[in-house]
Every structure is written in C-alpha cells, then in structure tokens.
Amino acid sequence: MAVMTYRDALNAALREEMARDPDVFLMGEEVAEYDGAYKVSKGLLAEFGDHRVVDSPISELGFGGLCVGAAMAGLRPVVEFMTFNFSFLALDQVINSAAKLLYMSNGQFPIPIVFRGPTGAALQLSAQHSQACETYYVHAPGVKVVTPATPADAKGLLKAAIRDNDPVAFMEGELLYNFKGDVPEDDDFVIPLGVADLKHEGDDVTIVTHGKMVHVALQAANKLSTEGIGADVVDLRSIRPLDVDAILRSVQKTNRAVYLEEGWAYVGVGAQIVATIQEGAFDYLDAPVLRVTQADVPMPYAKNLEMMAKPSADRVVEACNKVLYREAR
Amino acid sequence: MAGTKTRRAKAPKESPFDMHGIAPELALDLLREMLRYRRFEEKAEEAYAIGKIGGFCHLHIGQEGVAAGAIKALRESDYVITGYRDHTEAIAKGVAPTAVMAELFGRTGGTSGGKGGSMHMFARSVRFMGGHGIVSGQVPLATGIAFRIKYKSEDDIVVCFMGDAAVNQGGFHEALNMAAIWELPVIFVVENNHYGMGTAFRRVSLTDMVERSSPYAIPASKVNGQDVLATYAHLRDLAAEVRNGGGPRFVDVETYRFRGHSMSDPVSGTYRPKEEVEQHTHFDDPIAILRDHLFEAGILDQDGLEAMDAEAREEAQEAFEFADASPVPGPEALYEHVWADVDGDGRLRFDGREEAPWR
C-alpha cells in the first residue's frame, strides 16, 4: 500500500497500462507538453514519447472519432476530455459510432476505448463547466460508465477500463484530484467493472450513490451515526454495468433507501436506481425511495446560489430522516 | 441505365480515347465490375419494390465508376470506409454480393447477420470498415484507421468515401486538419454527385469542392468519376503518393446519381430538372462510356459484352435467391454483440480480451 492522491493513482494506472500494452495510447488536449490540464498525464510524454502521448487540436468530435477509428483498427485509445462538459461535441462519435459498431457489425468490430476526464461541478465555474454528464453516456447500450470515488478505485477501475473491450466513459471528479488514500501498488491491481463497494455499513437506511458524491454520503452517514442511525453507503463505482445485487441486498436489509447524485433528478441516474429498487425489492420497502440531486437549474455562479443548487450532506441526512419517518434532532 | 444494345452514348464533345496507361484486360475487368454493381443495385431496387428490403435504401446506380475506379486501384490490405450508399463499395472491396443482398433482406447470411441493413455493411476480413449512417461520421473514423497504420509503421492506406454534403460537417474539417498535421495515409474521396439529398451543393457552398481541403494544406485534385479509367489511374497515382509517406490527399470525383436519393425519392424529384437527369443518364453513364471506348478500340465486341452482362445478371439473381433463402435472425440474436465482454449468464465481464475474435 502507498498513500497517493487520486491524480497520482490515475497517472500510475495510465503508466502501468501503457507499459503493459504497446497498443494503448493517450490523446487529448494538453495531455503531452502541458502535462495534462489537471496533470493526470504528468511525465507520460517523457516516458512514452509523442507517438503515444498525443496533443490534439481543440476538436472533440474530430479526435473522439479518430480514436474510435483507431480502436476499430485494433488500437486501445485512451481519450482525455479536458472535462466531460466539452465532450458533448464528441457525443455523435460516442453514441453513433463507439456504442453501436459492435452491434451493427454483428460482433466484427469491438471498440476498446476509454473516454476519461472530470465530470460534475468544481467551485464557481458556472453553468457550462459544472454539470454531471453521466446520464448522457449511460443512456445508450454499448457504453460502460465508471465513476471512481477514491484513489484506490481510481487506479483499479482505470486499469480495468483500459483492459476492457467495450467503450468506457471514465468519469473523474475535479475536486477529487488532490484527495489522498491508500492504493495497492501491485501492477495487476484491477477492480472489475460492475462491482459496487460498501463504503460504510449500517442497518437502518441505504444511501446509494456514485463518484464524488460518495464523500458527501459518507459525511451524512457519519452525522447519522452520531444520532444512533446506521447507514449503508453503497458506492456503485460503475453505473453500467450496474451491481443490482449489491443495491437490493442492502435495501432488503435496511428497508429504506435514498439515492444521491450530483446531476439533475429529471430522468437522471437516480430514476433508474429507484426503478431498479421498486422492481426488485418492492415488498421490502418501508418508505418511498427519495433522491437528493442538483437543483433543476443550470449551475449558477454566485457562491451562495451554487451551494444551494448542489446536493449536501445535510440534505442527505434530511432525506434519510424522511424515509425513517424520523424527526431531525 | 446502361443497356447492352449498341446504342452509342455520344459525348457532347468527342475526345480521343485515352486508356490512361491501363491494359486492355484491366479495362475489361473494370467494365465487368461496374456491370456487377449495376445489376446488383437493379436487383435490390426490384427486391425493395416487392417488399423484400425495408428501411432506407440508397442505390449507387450512376456512380459505379467511383467504386470500381477507386477501390480496384488499391491493394487488398488497404482499408475502405464509406457512408450509407455502401452496397457496391462493399462488393468492390471483396464482399460477396450474396452477403450484401442478405444484409439488405435482414437475414443471417448478411454481412452483419441482418443487424445493420442497407447503410451498415461491414467486413473486417477484407478491411471494409463500414457503411456509416451519419453524414461525415466516417471521416474521423477513417483518420483514426490511418492513425493506426502510422502508429504501427505499416504501409497500407485508407480510402474514405463521402458524399458532397459531408464537407459541410464539422467532423470533416476536424479530421482533415488532424490527417494533415500528422501526415496520415488517407485519401479523402468525395463522391460529388452534386446533391446532398435534395440540396444542390452550389446552394450550400460558395467555394468549389476542390478548394475544401486547402485550409489544411492537403493537396486536392479533381477527376471525372464517369470515366472509370481516368478515376482508376488517378487513384492509383494518389495511392502511391500516400503509401510513400506523402500524407493525405483530397479528391473531388465528379459523378451523378441516376436514381433518387433513396428508394423513397423519385428519380428526378422536385430539386433537379428531369432534363438534367436525362442528360446525365444518356451521356454520362460510366458503363456506356467505357463500353463505347472498348468497342472503338476493338477490345470488346457485342457478344463479349452480352456474355459479361449475362454473368452480372446471373450473379445478382443468385444474390437475390441466396438472400431470400437465408433465415431471419433468431431471437437469441437480439441481445448478441451489444457488449464485447459478457459471461455465460449474459452479464458484463471484466476482462475477456483474450477471447476477442481478432486478437
């Protein structure tokens, strides 16, 4: 085990996978000479050369599509989007090419590609730079969506994503890059996609979440525990494939659930999770499943408004109290 | 439509026969190829009319010179990628007409087991990289295939076909720019039939087609796609330049669509005058032009042409019969190939790369 930041864990995963497989290359804006907009690719240019660490023009559709083509022809590209906000320009190639080529070609063209970068809000970056993009990607069959919350998950899941033969949208958190944690140093430390992780255990209520919101959920769980309420925090880690069993197992134990996500509620990831719970554990539920999400508005700039728009530990506690039919203290 | 009768398609201006250095046997092969494509598409048209084919169906009739001229100038290991008017380009690259027709019919014998349809022919084994349905979607993909070639220091090239409308898409410009800065081995071939669906190119562009690659410093050229020998010779030369490390090329291949945009569009439609279509079908038929050249040069006679045409018709008929007899996909096919890595229970698996079919 080594203590490292989320950023360095991602960097280690990239370095190890590039060393392991010469077909893996990294392309994106500022990934090479600038060492990465968020320094995730620091040192990779020096180690692997401009042949494999490639600065692209600001052309998301173009380099997104180029990398899908390279994957069609057998390479294993890692595409860095400076943030997933910018990836909307490339969505045609993600949804219409990467997600569908295997199916349309009846299995002839697997697309082993990773699209990675930060999703969600940071601080006061306002509407166009502060949105959770999971829903756009997770909607289409053919794309996996992975959202690591800790340095260890970041490393193990990125390695898994790079070795995977399907397109993977790997969504990081800008505010997590400096977050430190224990990370196994083993070169073959990989975490299978589709396996949720119980980040906190309790018997009274289930908080299901993913990505950066895991930390908000943990704050809420700690707060609840001081009041004698035990919460399970189920970190999905990947939204597709979805670990349905882990969600249902917890709900069957606690009989109450809250979904927490950074994105908008309307047709968001939470809508899917709530449907999954009511389909699979209806008879176990003692209360309606509630969602804590971003307010249904574009992200405002003003600090006070931004705080109001974002999900918070207090709102999670409030939702947990509601499903427990419990007066807040 | 090219008949097998000796009707002379008189060009408006007689020009001396130019074989472009192409041997008579090759010229005959190119005629044979174009006849195969023509008879195939006519058979598809017939099958569509009787409900054997559904959905969108874009025929290549009139544009056969582009497929034959460009693709036959390549090596087998070169890659071809195209848009949705893809039937004959798949055949030109070596896909069996039976498989193309069965795909049109939505049958298991099709190139994609019936799951792609008219716009999505694929054949990895002959490096036919598809049939793509979003205008210009194939242009960044082609550039990525060329990136792979350079990454692996190979000497294959990519030919990327697109219609004239594709050059107004952002992906076209982004891809050409990257192909240029990284000197990638790709030839961008515009099959310029002058209409993006029903919109004339002159209505949506103030610049000539051949100028469209100039912002990226990609050398551009123009060739008459109805003259298959000229097209072949030109693409052969471009392929050599690109293969030798010359970087990408852009070529405006002038052609004309003898049918509607798709099967739901009448031959002339509301957007192009009937006389224009008649003029082109009468004077600009790539099959008739080469046929007349070969007659004049004494390389082919009427009997030879009829024999060649009979073979093409027979092949199209066989394709029809094969497709009609091919089973429809079973229900198990519905969920197949959504994901590359699944376990026996159909769940997604973590790492099955060793089992990928092509590694």
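The values are calculated or read from the model by the stated rules, or taken from the named source; none is laboratory data. For clarity, every value in this text was computed on a predicted model and none was experimentally measured. Ideal geometry is used to build each Cβ from the backbone, glycine not excepted, and the neighbour counts take in all protein chains shown.
Looking only at residues that are more than 29 Å from B:Ser264 (Cα to Cα) and among the basic types (Lys, Arg) in the range B:198-226, which one is surrounded by the fewest Cβ atoms within 10 Å (Cβ to Cβ)?
The selected residue is B:Lys222.
Is the range A:252-269 home to any residue that is surrounded by fewer than 20 Cβ atoms within 10 Å (Cβ to Cβ) and in a helix (DSSP H, G or I)?
yes
I'd like to check something: does the range B:63-75 contain any residue that is of a type in the set (Gly, Ala, Ser) and farther than 20 Å from B:Asp156 by Cα?
Kept after step one, since they are of a type in the set (Gly, Ala, Ser), are these residues of the range B:63-75: B:65, B:67-70, B:73.
Filter once more, so that each one left must be farther than 20 Å from B:Asp156 by Cα: B:65.
Yes: one or more hits.
Name the residues in the range B:134-145 that are within 8 Å of chain A (Cβ to nearest Cβ) and outside any loop (DSSP other than H, G, I, E, B), would you? Break it down into steps so the answer makes sense when it comes.
We begin by selecting, within the range B:134-145, every residue within 8 Å of chain A (Cβ to nearest Cβ); these are B:134, B:137, B:139-145.
B:Val139, B:Pro140, B:Leu141, B:Ala142, B:Thr143, B:Gly144, B:Ile145 - these are the residues of the range B:134-145 that are within 8 Å of chain A (Cβ to nearest Cβ) and outside any loop (DSSP other than H, G, I, E, B).
Take the conditions at the interface with chain A (Cβ under 7 Å from one of its Cβ atoms) and among the basic types (Lys, Arg) and apply them to B:Arg148. Does it pass?
Working: at the interface with chain A (Cβ under 7 Å from one of its Cβ atoms): yes; among the basic types (Lys, Arg): yes.
So B:Arg148 passes the test.
What are the residues in the range A:279-313 that are surrounded by fewer than 18 Cβ atoms within 10 Å (Cβ to Cβ), in contact with a helix residue (DSSP H, G or I) (Cβ under 8 Å, 6 or more places away or on another chain) and assigned to a helix (DSSP H, G or I), if any?
Correct list: A:Gly280, A:Tyr284.
Among the residues of the range A:64-76, is there at least one that is in contact with a strand residue (DSSP E or B) (Cβ under 6 Å, 6 or more places away or on another chain), surrounded by fewer than 24 Cβ atoms within 10 Å (Cβ to Cβ), outside the structural domain of A:Gln272 (by TED's automatic domain parsing) and within 19 Å of B:Thr143 (Cα to Cα)?
yes
Kindly provide the set of residues from the range B:100-128 that are within 11 Å of chain A (Cβ to nearest Cβ), assigned to a helix (DSSP H, G or I) and small (Gly, Ala, Ser), ordered by number.
The one that is within 11 Å of chain A (Cβ to nearest Cβ), assigned to a helix (DSSP H, G or I) and small (Gly, Ala, Ser): B:Ser125.
Can you report the number of residues in the range A:122-152 which are buried (at least 24 other Cβ atoms within 10 Å of the Cβ) and either within 30 Å of A:Arg20 (Cβ to Cβ) or touching a Lys or Arg at 6+ places or on another chain (Cβ under 7 Å) (or both)? So that I can check it myself, show each step before the final result.
Step one: of the range A:122-152, the residues buried (at least 24 other Cβ atoms within 10 Å of the Cβ) are A:130, A:132-134, A:137, A:144-149, A:151.
This time we only want the ones that are either within 30 Å of A:Arg20 (Cβ to Cβ) or touching a Lys or Arg at 6+ places or on another chain (Cβ under 7 Å) (or both), so: A:133-134, A:137, A:144-149, A:151.
So the answer is 10.
Among the residues of the range A:64-99, write down those that are within 7 Å of chain B (Cβ to nearest Cβ) and either in a helix (DSSP H, G or I) or within 19 Å of the chain's Cα centre (by Cα) (or both). Reasoning before the result, please.
Of all residues in the range A:64-99, those within 7 Å of chain B (Cβ to nearest Cβ) come to A:65-70, A:72-75, A:92-93, A:96-97.
Listed by number, the residues that qualify are A:Gly65, A:Leu66, A:Cys67, A:Val68, A:Gly69, A:Ala70, A:Met72, A:Asp92, A:Gln93, A:Asn96, A:Ser97.
Checking B:Gly131 against (1) closer than 18 Å to B:Pro248 by Cα; (2) more than 7 Å from chain A (Cβ to nearest Cβ), which test does it fail?
(1)
Is it true that some residue in the range B:252-263 is of a type in the set (A, V, I, L, M, F, W, C) and over 30 Å from B:Lys52 (Cα atoms)? Write out each step before concluding.
Step one: list which residues in the range B:252-263 are of a type in the set (A, V, I, L, M, F, W, C), which gives B:253, B:258, B:263.
Pick out the ones that are also over 30 Å from B:Lys52 (Cα atoms) and you get B:253.
Within the range B:252-263 (the criterion being of a type in the set (A, V, I, L, M, F, W, C) and over 30 Å from B:Lys52 (Cα atoms)), the answer is yes, since at least one residue qualifies.
Is it the case that B:Leu229 is of a type outside the set (Phe, Trp, Tyr), over 18 Å from B:Ile71 (Cα atoms) and crowded, with 17+ Cβ neighbours inside 10 Å? Even if it seems obvious, please write down each step before you answer.
Details: of a type outside the set (Phe, Trp, Tyr): yes; over 18 Å from B:Ile71 (Cα atoms): no; crowded, with 17+ Cβ neighbours inside 10 Å: yes.
Criteria not met by B:Leu229.
It is to be established whether one or more residues within the range A:198-216 are in a loop (DSSP other than H, G, I, E, B), among the hydrophobic types (A, V, I, L, M, F, W, C) and within 26 Å of A:Ala271 (Cβ to Cβ). I'd like the intermediate steps shown before the answer.
We begin by selecting, within the range A:198-216, every residue in a loop (DSSP other than H, G, I, E, B); these are A:201-204, A:210-212.
Remaining after also requiring among the hydrophobic types (A, V, I, L, M, F, W, C): none.
Within the range A:198-216, none of the residues are in a loop (DSSP other than H, G, I, E, B), among the hydrophobic types (A, V, I, L, M, F, W, C) and within 26 Å of A:Ala271 (Cβ to Cβ).
So B:Gly21 clears everything in (1) modelled with pLDDT under 95; (2) at negative phi; (3) surrounded by fewer than 19 Cβ atoms within 10 Å (Cβ to Cβ) except one condition, right? Which one?
(2)
Taking the range A:100-137, which residues are over 25 Å from A:Glu30 (Cα atoms) and within 13 Å of another protein chain (Cβ to nearest Cβ)?
Filtering the range A:100-137 down to residues over 25 Å from A:Glu30 (Cα atoms) leaves A:100-110, A:135.
Answer for the range A:100-137, where residues must be over 25 Å from A:Glu30 (Cα atoms) and within 13 Å of another protein chain (Cβ to nearest Cβ): A:Lys100, A:Leu101, A:Leu102, A:Tyr103, A:Met104, A:Ser105, A:Asn106, A:Gly107, A:Gln108, A:Phe109, A:Pro110.
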